[in-house]
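Here's the structure, in structure tokens; my notes come after.
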Amino acid sequence: MEICKSFSPNIDENSKILILGSMPGIRSLEQQQYYAYLQNRFWKVIGKCCNFDNLQELNYSDRLKFLLNNQIALWDVIESCKRTGSLDSNIKSEKPNDIRALLKKYNIKRICLNGNKSYSAFKKHFPELLKRYNCYKLPSTSPANAKYKLEDLFKEWSKVIII
């Protein structure tokens with residue numbers, strides 16, 4: 001079982017929406033990039049929500065800038081854990097990121113939780129934040145969530161990724 005550590009948040013003073021994943025997968029950890037696995041539909045969904053269909057084709061730093069330009073911050077609920085492979089179901093011994101401190105520093109209005117594990121970890125570690133913020137549990141963009149096609153993901157995500 002491998003020890004995994006999440007990245008620093010991608011956020012600035014203009015961010016209004018915070019998207020929280022659970023823990024980056026193996027490919028993302030290797031490349032030190034959020035949602036680096038090409039089959040993950042995160043960048044396609046966000047691009048479509050923001051009317052920019054080729055977001056996934058930009059280089060990584062430009063994708064992060066695009067998020068910030070659209071008032072979207074990105075981070076993970078889990079700061080570190082033990083996990084074999086990339087599946088959320090394999091996460092053990094999770095420790096949360098300091099989301100409370102982040103929310104005190106920035107003017108976030110809406111929290112979007114990317115998938116079941118992100119939501120359950122957030123609920124476990126930050127139950128009071130579910131009451132204090134507009135929080136939305138969204139279907140995972142992971143290819144492991146095969147029951148959701150790209151159009152289905154867009155339909156759900158576009159309800160809350162409104163700038």
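The values are calculated or read from the model by the stated rules, or taken from the named source; none is laboratory data. Predicted model, so just to flag it, every value in this text is computed and none were measured. Every residue, glycine as well, gets a Cβ built from its backbone with ideal geometry; the counts of neighbours run over all protein chains shown. Each accessible area value is taken on the protein alone, full model and side chains, heavy atoms only, with ligands, DNA and RNA left out. Shrake-Rupley method; radii C 1.70, N 1.55, O 1.52, S 1.80 Å.
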Kirkwood hydrodynamic radius of the chain, Cα pairs, Å: 15.7
Whichever lysines have a C-alpha closer than 28 Å to that of Lys105, once near sequence neighbours (fewer than 8 apart) are set aside: Lys5, Lys16, Lys65, Lys95, Lys117, Lys123, Lys124, Lys131, Lys137, Lys159
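Output the relative contact order of segment 1-148, whole-number percent, from Cα pairs under 8 angstrom with separation of 6+ residues. Working shown, then result.
Numbers: 247 pairs, mean separation 49.1, N = 148.
Relative contact order here is 33 percent.
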Lys147 versus Gln32: modelled label distance in nm, points set 7 Å from Cα along the beta carbon direction: 3.8
Solvent accessible area, Å² - Arg110, 1.4 Å probe, full protein context: 60
Student exercise, segment 59-118 dipole from Lys, Arg, Asp, Glu Cβ charges, in Debye to nearest 20: 160
Simple label model, 7 Å out from Cα along Cβ direction - Thr84 to Leu68, nm: 3.9
Dipole magnitude (debye, nearest 20) for segment 90-153, charges at Cβ of Lys, Arg, Asp, Glu: 260
